[in-house]
Amino acid sequence: KGIEFIRSTYFNKLQYTKFSSSVGKFVGFTEQGMKNAAASNNNNMYMASIRAAKETICQPNIQRIYDNIL
């Protein structure tokens, strides 16, 4: 349960948007990033797939990744 899925977008080393599974939505950090975040947050099908990423990407691989770190 302590796993968090984060997806960030950058351009020229500047973070535009960030999705965090703990927040459950995209947040914009620049003017263009706020527009992109709003558009992404309003796309229900895309948001459903992003929210499901924690269970489909993180959960199945966490033990393998944890074992490799140790």
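When the residues of the range 19-70 are narrowed to those that are in a loop (DSSP other than H, G, I, E, B) and of a type in the set (Val, Ile, Thr), which ends up nearest to residue 9 (Cα to Cα)?
Looking at residues that are in a loop (DSSP other than H, G, I, E, B) and of a type in the set (Val, Ile, Thr), I get 30.
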What are the pairs with Cβ atoms under 8 angstrom where one residue, in the range 1-20, is more than 15 Å from residue 51 (Cβ to Cβ) and the other, located anywhere, is open to solvent by 90 Å² or more (accessible area, probe 1.4 Å) and in a strand (DSSP E or B)? Sequence gap at least six, or different chains. 16/10
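Residue by residue, here is whether (1) farther than 25 Å from residue 63 by Cα; (2) in contact with a helix residue (DSSP H, G or I) (Cβ under 9 Å, 6 or more places away or on another chain); (3) open to solvent by less than 70 Å² (accessible area, probe 1.4 Å); (4) not aliphatic (A, V, I, L, M) holds:
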position: 5; (1), (2), (3), (4): no, yes, yes, yes
position: 14; (1), (2), (3), (4): yes, yes, no, no
position: 31; (1), (2), (3), (4): yes, no, no, yes
position: 40; (1), (2), (3), (4): yes, yes, yes, yes
position: 44; (1), (2), (3), (4): yes, no, no, yes
position: 50; (1), (2), (3), (4): no, yes, yes, no
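The values are calculated or read from the model by the stated rules, or taken from the named source; none is laboratory data. From a predicted model like this one, the values you see are computed outputs, not experimental measurements. Note: ideal-geometry Cβ built from the backbone for every residue, glycine included; neighbour counts use all protein chains shown. Accessible surface is based on the protein model in full, side chains and every heavy atom, while ligands, DNA and RNA are left aside. Shrake-Rupley method; radii C 1.70, N 1.55, O 1.52, S 1.80 Å.
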